There are 2 protein chains.
Amino acid sequence: MGRGVTMSTVAEKAGVSTKTVSNVVNGTGSYSPETEQRVRAAIEELGYHINPFARGLRSRRTDTIALVLPNLYQPFYAEFAEQVIRSPETQGLKVVLESTRGDAGRERAVLSSHRELVDGVIYVPHALGPEQYLPLPFARPTVVLGERPAEAAQLGLDYVETADEQGAHAVVGHLLAQGRRRIAVIGERPGPWAGARRLRGYRTALAEAGVDYDESLVIGVDDADLWSSGVAGATRLLRTRVRFDALFCFHDVVAVGALSVLARSGIAVPDDVALAGFDDIEAARFASPPLTTVDLGRESIARTAVALLRSRMDREDSRELPGRRESTGFDLRVRASSTTTPAPTESGVTAR
Amino acid sequence: MGRGVTMSTVAEKAGVSTKTVSNVVNGTGSYSPETEQRVRAAIEELGYHINPFARGLRSRRTDTIALVLPNLYQPFYAEFAEQVIRSPETQGLKVVLESTRGDAGRERAVLSSHRELVDGVIYVPHALGPEQYLPLPFARPTVVLGERPAEAAQLGLDYVETADEQGAHAVVGHLLAQGRRRIAVIGERPGPWAGARRLRGYRTALAEAGVDYDESLVIGVDDADLWSSGVAGATRLLRTRVRFDALFCFHDVVAVGALSVLARSGIAVPDDVALAGFDDIEAARFASPPLTTVDLGRESIARTAVALLRSRMDREDSRELPGRRESTGFDLRVRASSTTTPAPTESGVTAR
DNA sequence: CAGCGCATTGACATCGTTGAACTAGCGGTG
DNA sequence: CACCGCTAGTTCAACGATGTCAATGCGCTG
């Protein structure tokens, strides 16, 4: 069963040459329907599986893509990875996960090591900013998640731009609409990361509502997306004794961490403080109270990313194509953590 | 840079044969220190990377292992996957993740497809029981997580047995020690899965304390480890109006879901009902109140599994070796969700 | 000093597949 | 009827590494 069954075994059984078997398997060349039948029957009967190494060696196709992300601990990344694996666009491809552990050195190393192994890379930057990763030698078609810097276009890098700014704008708009004016945020981290875009959305929403930006309401954290950052951030916020009636965390995990601090401190959510997160991880829906948040659409991000990759993987001249940019939308999920009026069980405001 | 650099490029530059380069790269054969120097220098200078396809074709080694698990949505699996990737034992290996989506067909398909691609497989069964997966043609060394059925020994399958029963026993013992007598459980699912072992621990703990097993306290769910199962389970439990003073969920995610139902129903945790979960996912620590749970030791499970694999991957005769069995321990993490007396911030009871 | 063993290195075939180039046959065309 | 274009299929080499085996040279033994 399958032991030592090669194309020539199949070819012999079907009475054709190995090349014809190869053609049938790959849908290349031309062959009659009867030949195809015979070959397929032989394959079936012998339990033949193509040897991916021989194929990879000869044709340079690996049918594998790499997904480079900081870690799998954060539900957002794990759920995103799952979406990439499941995406219909991924059919027929293997996905190799590379966790960089949020470490700049590992991130660099992982990106540089993808020379021959995979047909393409989906890269979720974390520790490296554009000025650090752009100079790296991308040897394979690469799709980057995040905001596209101008230089990326000539480098041939494709981008999936997520609606961080718009999403944050929508959340803050919602909080303002609820009558909140002193909206604290936790999760700011200097640099080119998602947090910066979310902060931008926060600021523009405030500005549009004529609410002054108050720096003392903005809490920075080192690791923008850890529960413990939420605990630390909320603790610091409370300790400053600054008045606030809403708290917007740049990640749901941070919000969950913050929520535990608020609960311990006897601060009622949403009555004293309206709480909102970002990412719409599963846990947000089951927090007490359920968390208002923004869904960036992991599924459509994943599908878009894989589709971009595929379109490059198949063509020879992909290196010459200029980098493309796709944007995805978001859904604001209003839940009980931010609504004092009895909340609708689940209300969605959709964009784009 | 790296374009078309092969062993013969290196060999030429170093003034040796390709075989010698191969020897240096693999540490096989013998060569003088000076030769090694020259070869390494040439490799460095040319930026040479070995072609994994050529190597895989010739030597049948892939330096890749597959991790087959139901999904990445469940934090326990995601965190476990991360541990497998990070484990020091994994150094030098690539890890391919295969998500079976908790689907029996996919699970079968994925397991059967690992003929040539990887050197070994770590398999976390979910939809298939032993009677279903044991007959499958395991073509590569395989380590299975869970309880080892007797037949597995001759098949040469290695097992990492996790302390589900002992862990559950400890949790329930703890709840009993807190004076709870009516301990409900959510998560039972018929079959050979972890839930069955946890249920066993529950029953023996009850028996040892002389508390009768009451079937009306045992709530089964379809998908044992989804938040929504917790919601559904808790809702059903409340609807039966059966009296209970503690709730033990077989997974933390279920407990978090149940917690949200209890909160909505005005049931105080831990005052009215002591709550405990299982798995010790990150979110458990940050629930309100923090969740008492059992840590099975993802890290040591991962390391043990990879170590078992490696020990087989390296040897030729691995097929002949009988299946081995390794057991791992657990940590009971007592937190505020189950302790009425002011809880210690974090208390750990360690086993094995 | 013949002969042996060992360390070091190389030549060559080979793993299984596919790209390039080629042949055979057949119907149609000017 | 010579020739063209097209389909169906073949032959052969090559992808880049490594296993096998042989060759070389050196020190040592008897």
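The values are calculated or read from the model by the stated rules, or taken from the named source; none is laboratory data. What you see is a predicted model, and the numbers here were worked out from it, not measured in a lab. Ideal geometry is used to build each Cβ from the backbone, glycine not excepted, and the neighbour counts take in all protein chains shown.
Overview of values
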item: Residue check, residue A:22 away from every other protein chain (no Cβ under 14 Å) and within 16 Å of DNA strand C (Cβ to nearest atom); result: yes
item: Failed criterion for residue B:93 (all others in (1) at pLDDT below 90; (2) outside the structural domain of residue B:145 (by TED's automatic domain parsing) hold); result: (2)
item: Leading residue by the ranking (nearest to the other protein chains (Cβ to nearest Cβ)) among those in the range B:45-77 that are touching a helix residue (DSSP H, G or I) at 6+ places or on another chain (Cβ under 6 Å) and among the small types (Gly, Ala, Ser); result: B:56
item: Candidate set: the range B:257-283, residues that are in contact with an Asp or Glu (Cβ under 9 Å, 6 or more places away or on another chain) and assigned to a helix (DSSP H, G or I); chosen: the one modelled with the highest pLDDT; result: B:262
item: Filtered residues of the range A:74-119 (kept if assigned to a loop (DSSP other than H, G, I, E, B), of a type outside the set (D, E, K, R) and more than 21 Å from residue B:70 (Cβ to Cβ)); result: A:92, A:100, A:102, A:113, A:114, A:117, A:118
item: Selection within the range B:45-61 - out of contact with any Ser or Thr (no Cβ under 9 Å at 6 or more places or on another chain) and either away from DNA strand D (no atom under 13 Å from the Cβ) or charged (D, E, K, R) (or both); result: B:45, B:58, B:60, B:61
item: Residue among B:42, B:81 that is within 14 Å of DNA strand D (Cβ to nearest atom), of a type in the set (A, V, I, L, M) and either within 11 Å of chain A (Cβ to nearest Cβ) or surrounded by 18 or more Cβ atoms within 10 Å (Cβ to Cβ) (or both); result: B:42
item: Qualifying positions in the range A:7-18 - more than 7 Å from DNA strand D (Cβ to nearest atom), within 45 Å of the chain's Cα centre (by Cα) and more than 14 Å from chain B (Cβ to nearest Cβ); result: A:8, A:9, A:10, A:11
item: Qualifying residue in the range A:38-61 (condition: within 16 Å of DNA strand C (Cβ to nearest atom) and among the polar types (S, T, N, Q)); result: yes
item: When residues of the range A:19-37 are limited to those that are exposed (fewer than 15 other Cβ atoms within 10 Å of the Cβ) and within 7 Å of DNA strand D (Cβ to nearest atom), the one nearest to residue A:56 (Cα to Cα); result: A:19
item: Among residues of the range A:113-161, those that are of a type in the set (Lys, Arg) and modelled with pLDDT of 90 or more, counted; result: 1
item: Pick from the range B:141-158, criterion surrounded by fewer than 24 Cβ atoms within 10 Å (Cβ to Cβ) and closer than 22 Å to residue B:101 by Cα, ranking: nearest to the chain's Cα centre (by Cα); result: B:145
item: Any chance residue A:191 is farther than 30 Å from residue A:130 by Cα, assigned to a loop (DSSP other than H, G, I, E, B) and modelled with pLDDT under 95; result: no
item: Some residue of the range B:246-255 being touching a Cys at 6+ places or on another chain (Cβ under 7 Å) and not basic (Lys, Arg); result: yes
item: Flag if residue A:254 is in the same structural domain as residue A:290 (by TED's automatic domain parsing), surrounded by fewer than 16 Cβ atoms within 10 Å (Cβ to Cβ) and β-branched (Val, Ile, Thr); result: no
